[in-house]
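Structure first, then comments.
The values are calculated or read from the model by the stated rules, or taken from the named source; none is laboratory data. Remember, predicted model here, so these are calculated numbers, not experimental data. Here the Cβ positions follow ideal geometry from the backbone for every residue, glycine too, while neighbour counts run over all protein chains shown. These area figures cover heavy atoms from the full protein model, side chains too; ligands, DNA and RNA do not enter into them. Shrake-Rupley method; radii C 1.70, N 1.55, O 1.52, S 1.80 Å.
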Amino acid sequence: MMRNFNLEKIIKIMLLSMLLTLVSPAVTNIVYAETDSQPKETEVNNPENVNKSFDKMQSIASQSQEITSPTVIETMKNNTLNSIKEKKLILNGQNINLLWNDSKFLSIDEEETNYKSISVPIEGKEYSYFSNLTVVFDKNENVVTYSESLITKNQVNKFVIDTYIEGKKVSTQNTDIDYISNSKLKEGLFSLKQSVKESKNVNTRGIGAIAGCIAAIAGINGTIAYLIAGTCIAACPAVAPICAACIAGVCTIGAADIGGVIACFKL
């Protein structure tokens, strides 16, 4: 019995060592537009920063419900489209398509106020999967805030995340994350969700849960998690009543799976 216990303990230590190696941080330069004259550095690949980002998303997810009413959905689409046509929403993406049929809709209760959001994927030759426009409306269907996340690659084939809040660029994140194709990103998102579902009981399943979490945040799956977290990190102005950029992350991963992602990064 003692030998089995020691063996299990040794295996856990080995797996945790592997996990720490896989999530070792890579430095990302975030350049803030207008508000800061000096570039700041953050570690987008740092699990602590990822945790903070996903904590924001989980807070939103815990107060959200998916909107399924066709009437409400159509109204929100039309309001967003009209706001773009009337230049109330300023988009910065070049030669883009808004994938309206893939939009996600949430009803969110924040500080006793109800908001509705639409998150529309952005497609374009130079833009990666997860690029999006997210618009938040109040109960009177007025635009409260909106964000645009444009994910591209730089000359050394690393991901770059440009974040715009209400038409103005607030940050550019030059990551150390290797660029991969949209098809790989889609596969990775599916794999991340599957691995997280298998590890939801992370506090009670011991070695199996640890191994599942390693799979969840290693390789392409880890790239997915870090990119989504990157769209939320440092993208929420204090004056906004709710963070549109983080809402987009909730829509991408799904409210039900965010808790599992956080559990794996906090293992």
Dipole-positive endmost among Val156, Ser171, Ser83 within the range 74-208 (Cβ charges, Cα centre): Val156
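With charges only on Cβ, +1 for K and R and -1 for D and E, what is the dipole size of the range 130-181 about its Cα centre, in debye, rounded to 20?
Details: 5 positive and 7 negative charges, 24 e Å.
Charge dipole, the range 130-181, about its Cα centre: 120 debye, nearest 20.
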Extreme residue, positive dipole direction of the range 72-131, given options Ser103, Tyr127, Tyr115 (C-beta unit charges): Tyr127
Net charge dipole size for the range 91-194 [Lys, Arg +1 and Asp, Glu -1 on Cβ; Debye, nearest 20]: 460
For Thr223, solvent-accessible area (1.4 Å; no DNA, RNA or ligand), Å²: 20
Surface share of carbon and sulfur [accessible, 1.4 angstrom probe, percent] for the range 59-116: 42
Amide H contacts of Val144 (H built 1.01 Å from N, under 5 Å, at least 5 apart or other chain): Val136, Phe137, Asp138
